[in-house]
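Colleague: There's a structure below that I have some questions on.
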Amino acid sequence: TLFRSLESAAVHKAVAVSTLILTVMYGFISPASTELGLCAPRAGASNTALNKHFMKSDPSVECLWYHYFLATCFGLLYSMGIPLSIAVFLYWGRNQGTLWDEEHWIPDHVGWIYLRFEHSVFWWEIINMSTKTIIGVTERAGAGGGEAGLMAQLIVTFIVLTLSLALQIYFRPYASMISRADVIYQDYKFTIRGGKKSHGVHFEELDKKELG
């Protein structure tokens, strides 16, 4: 029993660390995973007839069919796979009733992904990740494209940020700490409990004896 308990604790910590790394690094990993497929003709070279393209990140490397294939695979694996995995995990936890279960391990270990959002929009981190991906890929794709590439990058970034802001205004995803306190305008003690009740923190009313 003790071994199983330790094993479960180790698995929970591994899930927590993996989720943290993937989520934090997603804004860098996702755009970088598409670099193999970001190719363009070499500037100043008369290779249009040969239809040769070279990697933007390394112009000495000619783009071949497998570069595009690998870019597609990595793009699907990282750009879509990571948020999809997190979304499946969150919906599974919601359906199982464990996302806000005070006795469960999920709020303690991965609650930082969703506890700062309202319960109805617990999936909002997926929106944040998607925004980062689109802007990051656009920045990589527009690099070295001259004024046209820069203008396209600015337009896409503006549209994505505007849409993200509009969605945020509509859904109002970020939870109010005050509105989720157990008791308001009374004496409190402040404890950290994995954010199971009030999105990252838990407020408890002090015992009259503790107050003196």
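The values are calculated or read from the model by the stated rules, or taken from the named source; none is laboratory data. The structure displayed is predicted, hence computed values, not measured ones. Heads up, the Cβs are rebuilt from the backbone with ideal geometry, glycines too, and the neighbour counts pull from every protein chain shown. Only protein heavy atoms, including side chains, enter the accessible area calculation; ligands, DNA and RNA are left aside. Shrake-Rupley method; radii C 1.70, N 1.55, O 1.52, S 1.80 Å.
Colleague: Every residue in segment 77-96 that is open to solvent by 50 Å² or more (accessible area, probe 1.4 Å) and not aromatic (Phe, Trp, Tyr), please.
Modeller: 77, 80, 84, 85, 88, 94, 95, 96
Colleague: Scan 126, 86, 106 and give me the residue that is assigned to a helix (DSSP H, G or I), aliphatic (A, V, I, L, M) and in contact (Cβ under 8 Å) with a residue 60 or more places away in the chain.
Modeller: 86
Colleague: Before we move on, is residue 42 within 30 Å of residue 13 (Cα to Cα), of a type in the set (Lys, Arg) and either touching a residue at least 60 places away in the same chain (Cβ under 8 Å) or open to solvent by 80 Å² or more (accessible area, probe 1.4 Å) (or both)?
Modeller: In short, no.
Colleague: Residues of segment 128-176 being at pLDDT 85 or above, open to solvent by less than 60 Å² (accessible area, probe 1.4 Å) and over 20 Å from residue 31 (Cα atoms), which ones?
Modeller: The answer is 166, 167, 173.
Colleague: Still on this structure: Do you know which residues across segment 109-123 are part of a helix (DSSP H, G or I) and open to solvent by 50 Å² or more (accessible area, probe 1.4 Å)?
Modeller: Matches in segment 109-123: 109, 112, 119, 120.
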